[in-house]
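Have a look at the structure below, then the notes.
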Amino acid sequence: MTHANPHHILIVEDDFASRALLVSYFENAGYRVSEIDHGDDLLQRIQTEHIDLVLLDINLPGKDGLTLTRELRVQSKVGIILVTSKGDEIDRIVGLELGADDYVTKPFNPRELLVRAKNLIWRVTDQATQPAETDSLIRFEGWSLDSSRRLLSSPDNSTERLPEGEFKLLHTLITKPGQVLSRDQLMDAIHDRAWTPNDRSVDVMIGRLRRKLGDNPADPHFILTAHGAGYMFAGTLD
């Protein structure tokens, strides 16, 4: 099969019908698609093949999707979209904490899924190849955020490449210092979708960012909570 799109998607899903549906979606969109029904050799495939995006079911036999997400993030910056069921809210939150970039819920909306995958692949591959530029750095109180490569650097010069969601959340807050942003605004910036009351992904990522910034959650310095309204970046930009 000739692939109009050079990007490679690996689908990890044990349910045959769901896997076949996902393969069909992406192959019809011109992607190169590989599929496996378990995650036992996932890490080896990531090491030996060029894969741009992993669509990873949470409820896999053997190593589950959350374990695999954690292991993937130790060695790879590949894009990760978790595939979840409607009742998997806690697992979705944990998955985002472990470094997944996004999630989709069964049953899928094919158009939405393709748009999410396309946007994530573009961001991951584009930012991985861009050289660092001085004007892409946002500096605040000894810290810096490299917008071209999603790199957060601390005052002691330790550097961490942020997952897509965390980067977009921090970047959105930093570029609007002193302004309270609602969860709906932040959710739209992160996932291009509206926030719903039972969706805690914004709060989870705020918690992760606070830990990475050394913020005391009981008395944060950089990211403040406006109770009932949202969050605000209170640091001083250099």
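The values are calculated or read from the model by the stated rules, or taken from the named source; none is laboratory data. All values derive from a computational prediction rather than experimental measurement. A quick note on method: Cβ atoms are made from the backbone with ideal geometry, for glycine too, and the neighbour counts reach across all protein chains shown.
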Inset, instruction - Considering only residues that are more than 11 Å from the chain's Cα centre (by Cα) and outside any loop (DSSP other than H, G, I, E, B), look in the stretch 74-89 and name the one that is farthest from LEU120 (Cα to Cα). - result: GLU89
Inset, instruction - Within the stretch 30-42, identify whether any single residue is outside the structural domain of ARG149 (by TED's automatic domain parsing), in contact (Cβ under 8 Å) with a residue 40 or more places away in the chain and surrounded by fewer than 21 Cβ atoms within 10 Å (Cβ to Cβ), and answer yes or no. - result: no
Inset, instruction - Given the conditions (1) under 18 Å from LEU114 (Cβ atoms); (2) of a type in the set (Lys, Arg); (3) assigned to a loop (DSSP other than H, G, I, E, B), report the number of the one that ARG19 does not fulfil. - result: (3)
Inset, instruction - Filter the stretch 81-96 down to the residues that are in contact with a helix residue (DSSP H, G or I) (Cβ under 6 Å, 6 or more places away or on another chain) and within 20 Å of ASN109 (Cα to Cα), then identify the one that is modelled with the lowest pLDDT. - result: THR84
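Which count do you get for residues in the stretch 139-150 that are in contact (Cβ under 8 Å) with a residue 12 or more places away in the chain and at negative phi?
Taking the stretch 139-150 and keeping what is in contact (Cβ under 8 Å) with a residue 12 or more places away in the chain, we get 139-143, 145-150.
So of that shortlist, the ones also at negative phi come out as 139-140, 143, 145-149.
Total meeting the criteria: 8.
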